[in-house]
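Undergrad: Let me begin by handing over the structure; questions about it come next.
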C-alpha cells in the first residue's frame, strides 16, 4: 500500500517507490531501536515497552510454561486519527449491511 501511494504521488517507477518505502520503514525501525519511540504528527506514536518474565499456560496441554522477559512495540493513535478511524469503521459496517441485505 505504501509503495503504491508513493508511486502515484511522486510519479516514480514501481521499483524506486518500493526502495523508498523500504528505506522509510528502515528509518522508522532505526529510530525505535535507538530512542525507543517514533512519532508521526497527526497519525500517532510507536513506543517500546518491556514485557515482564511470567508463567503462561500451554493451550493444548494446560501445562505451565515459563516465558522470558521481552519487549513489544505499542501504537497510540493521535487525537486526529481516532475520528477518521471511527468513520472508516462506520463506512465498512454500512457497506457490509448493504451487501447482506
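Nothing in this text is a laboratory measurement; each read-out follows from the coordinates by a stated rule. Note that the structure is a prediction, hence the values are computed from the model and not measured. All Cβ positions, even for glycine, are placed from backbone atoms using ideal geometry, and neighbour counts span all protein chains on display.
Undergrad: Could you give the nm distance between label points at residue 51 and residue 65, where each point is 7 Å from its Cα heading toward the beta carbon?
TA: Calculated label separation equals 1.2 nm.
Undergrad: Given 37 °C and 0.692 mPa s, how large is the Stokes-Einstein diffusion coefficient of the range 1-71 in µm²/s, with Rh as the Kirkwood radius over Cα pairs? Present the calculation step by step, with values, prior to reporting the outcome.
TA: Details: Rh = 15.4 Å.
Estimated via Stokes-Einstein, D reaches 213 µm²/s.
Undergrad: Taking the Cα atoms only, what angle lies between the long axis of helix 81-100 and the longest principal axis of the chain, rounded to 10 degrees?
TA: Value to nearest ten degrees: 80.
Undergrad: A further question on this structure: Which residue, 60, 90, 49, has the most motion in a Gaussian network model of the chain that connects Cα atoms within less than 10 Å?
TA: Checking each option, the largest mean-square fluctuation is seen for 60.
Undergrad: Relative to the longest principal Cα axis of the chain, at what angle does helix 14-35 sit, 0 to 90 degrees, rounded to 10?
TA: Between helix and principal axis, roughly 40 degrees.
Undergrad: Alpha carbons only, please: Rg and Dmax for the range 40-101, in angstrom.
TA: Rg then Dmax for the range 40-101, in Å: 19.3, 49.
Undergrad: Same structure again: Identify which of 55, 32, 24 has the largest mean-square fluctuation in a Gaussian network model of the chain, with springs joining Cα atoms closer than 10 Å.
TA: 55
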